[in-house]
Amino acid sequence: MLIIGLEGYVMATKRRRLFDTKSFLARVGDGRSIGKYRKGQVVFSQGDAGDAVFYVQKGKVKLTVVSEQGKEAVIAILGADEFFGEGCLAGQAQRIATVTAMTDSVIVRLEKAAIVRVIHQEPTFSELFIAHLLGRSIRVEADLVDQLFNSSEKRLARMLLLLANFGKESKPEPIIAKISQETLAEMIGTTRSRVSFFMNKFRKLGFIEYNGGVEGGIEVHSSLLNVVLHDQPQIEN
């Protein structure tokens, strides 16, 4: 049996505690690279090989899927401090979605072997990554409930609040980056005309503000929560 002295144990514990996840994700090397993407630039495409996990350091990206019939759907919009492409860790050999930068973005690429290694070696990083996976799972469940039980008006209100980071640990972003009504319609499963109708309604009620069209940016107020919270569906166990 190998017995480690108290001093060695304390030093090992300090090393574990000193692991800085933010610093790790901000440095190049050991299977990590950092890329700058312009608005509209593709990070990876549906059908590409799944060989890495990505982390958004700055900016926003959207995940889209195209069916065999050519119909495109936006399935998620992700921002800073979020991972994507983690399906490769579960044996996903090919990408099932296309990821495109919605704004100028800085994105970290972690090769599959590199992220597997740090997950095994660094509990701090493992906790962060597991929290991300659990958060994504909860978000998917909430999206499903939203589609099944809520009206398109409530779905739009919820999506705007999510895009503005309401309900997250980080401070809300009152101004949402440029996003088209077509994209919003794809995300909530309705038509552009319905989105336009509700956006005008929200603006008249003072829940949101935008000048020069939705594509110029949307200012979201916390009062929009009233639309989501009113008559919230009850789900029985």
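What number of residues within region 195-219 satisfy the criterion of being at pLDDT 90 or above and of a type in the set (A, V, I, L, M)?
Result for region 195-219: 4.
Considering region 73-115 alone, what residues qualify as being out of contact with any Cys (no Cβ under 8 Å at 6 or more places or on another chain) and among the charged types (D, E, K, R)?
Within region 73-115, Asp81, Glu82, Glu86, Arg95, Asp104, Arg109, Glu111 meet the criteria.
Take the residues of region 15-47 that are open to solvent by 60 Å² or more (accessible area, probe 1.4 Å), more than 20 Å from the chain's Cα centre (by Cα) and not charged (D, E, K, R): which is modelled with the lowest pLDDT?
Among residues in region 15-47 that are open to solvent by 60 Å² or more (accessible area, probe 1.4 Å), more than 20 Å from the chain's Cα centre (by Cα) and not charged (D, E, K, R), the one modelled with the lowest pLDDT is Leu18.
The values are calculated or read from the model by the stated rules, or taken from the named source; none is laboratory data. Note that the structure is predicted; figures quoted are calculated from it, not measured. FYI the Cβ positions are ideal-geometry reconstructions off the backbone, even for glycines, and counts take in every protein chain you see. What goes into the accessible areas is simple: the full protein's heavy atoms, side chains included, and nothing from ligands, DNA or RNA. Shrake-Rupley method; radii C 1.70, N 1.55, O 1.52, S 1.80 Å.
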